[in-house]
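**Q** Mind looking over this structure? Questions follow.
The values are calculated or read from the model by the stated rules, or taken from the named source; none is laboratory data. Owing to the predicted nature of the structure, the values given are computational and were not obtained by experimental measurement. Neighbour counts run over all protein chains shown; Cβ positions are idealised from the backbone, glycine included.
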Amino acid sequence: MSSELLEETISRVSKFASIFGISKSELKVYSYLLIYGRATAREVSNKLSLPYTKVYNVLSKLEGRGWVIKIDKRPAVYEAIPLRDVWNKIKITFQEKLDEFEKQFIEPISSIFSSNMAYNIVVIPRDNIMDNALRLLKDYSKMYLVAISYQEFVRSDIIDILRANSLKAETKIIVDKSVNLPDISSAQVKRAQSLFGSGIITSDSILLVIKNNDILTGLFSNHKYLIDIGTVYFNHLWSTLPG
């Protein structure tokens, strides 16, 4: 694997790995050991052009995760364990965190909700996704948070509504770099290297859209907690993008 391809792969994977608390540096060091075999911290530092102290700390973290083993030599030599074993460790850790989250958050919150609480969570068929997107954008809202990762969302009627909304309410749009978006000067727009999916968040609703095998699938909800979670994630992503 070329160094350019490896760097591109790590950059892409690191966005998802960060969810598990795994840094890009950890991915780099582990990948180096996986591809090139055993090495000392100094050798890794020289090869990856990373500070020795940083590499040493990263190797200690990887050893703690069980991703690498340290062979007692002077200087110490590190060896990566097989990728499949690492993935199994990640899945186990993730499941443990999910179980803990369910115990500490989901179960207590669920006990607060009454069984007849009025909210909807609906899967939207692909033929109705754009109609639902238009309906959300036409509804009154104090804010419109929009993520566009698919060219299908760049329709004249959607663009016109976004322009109109941006004149009367806070309108933020994150656009995938691959999408050709017309100018919406009255809205706040930022570009992202890549987006996982598309979506619209208003004060009262959220619509999430993903594409699988070129088929769009949507999920709509007016559940306050889903709206809050989506809003927090959108604003976090917004804060990480250049203005």
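Matching residues to (1) without any contact (Cβ under 8 Å) to a residue 24 or more places away in the chain; (2) surrounded by 12 or more Cβ atoms within 10 Å (Cβ to Cβ); (3) under 29 Å from H236 (Cα atoms); (4) not polar (S, T, N, Q):
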{"position": "I10", "(1), (2), (3), (4)": "yes, yes, yes, yes"}
{"position": "L27", "(1), (2), (3), (4)": "yes, yes, yes, yes"}
{"position": "G37", "(1), (2), (3), (4)": "no, no, no, yes"}
{"position": "R74", "(1), (2), (3), (4)": "yes, no, no, yes"}
{"position": "F94", "(1), (2), (3), (4)": "no, yes, yes, yes"}
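**Q** A further question on this structure: From (1) of a type in the set (A, V, I, L, M, F, W, C); (2) farther than 16 Å from H236 by Cα; (3) touching a residue at least 40 places away in the same chain (Cβ under 8 Å), pick out the condition that doesn't hold for A147.
**A** Result: A147 passes all but (2).
**Q** Could you tell me which of the residues K211, K177 is touching a residue at least 60 places away in the same chain (Cβ under 8 Å), surrounded by fewer than 20 Cβ atoms within 10 Å (Cβ to Cβ) and under 20 Å from the mean Cα position of the chain (by Cα)?
**A** One residue alone meets the criteria, K211.
**Q** Kindly indicate whether L137 is outside any helix (DSSP H, G or I) and surrounded by 20 or more Cβ atoms within 10 Å (Cβ to Cβ).
**A** Against the criterion (outside any helix (DSSP H, G or I) and surrounded by 20 or more Cβ atoms within 10 Å (Cβ to Cβ)), L137 does not qualify.
**Q** Given the stretch 157-243, what strands (runs of 3 or more DSSP E) lie entirely inside it while holding 2 or more residues that are among the β-branched types (V, I, T) and at pLDDT 95 or above?
**A** 170-176, 198-201
**Q** Could you please find all residues in the stretch 162-174 being more than 25 Å from the chain's Cα centre (by Cα) and either free of Cβ contacts under 8 Å to residues at least 24 places away in the same chain or buried (at least 18 other Cβ atoms within 10 Å of the Cβ) (or both)?
**A** A164, N165, S166, L167, K168
Residue-wise test of (1) under 30 Å from S221 (Cα atoms); (2) under 25 Å from the mean Cα position of the chain (by Cα); (3) at pLDDT 85 or above; (4) of a type in the set (D, E, K, R).
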| site | (1), (2), (3), (4) |
| --- | --- |
| S3 | no, yes, no, no |
| V13 | yes, yes, no, no |
| K28 | no, yes, yes, yes |
| L48 | no, no, yes, no |
| P51 | no, no, yes, no |
| S60 | no, no, yes, no |
| W87 | no, yes, yes, no |
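**Q** So which residues in the stretch 142-151 are within 21 Å of the chain's Cα centre (by Cα) and more than 10 Å from V209 (Cα to Cα), if there are any at all?
**A** Within the stretch 142-151, Y144, L145, V146, Q151 qualify.
**Q** Scanning the stretch 39-72 for residues that are part of a helix (DSSP H, G or I) and among the acidic types (D, E), which turns out surrounded by the fewest Cβ atoms within 10 Å (Cβ to Cβ)?
**A** Here the residue is E63.
**Q** Still on this structure, please answer the following. Provide a single number: the residues in the stretch 1-38 that are at positive phi and assigned to a helix (DSSP H, G or I).
**A** Here the count works out to 0.
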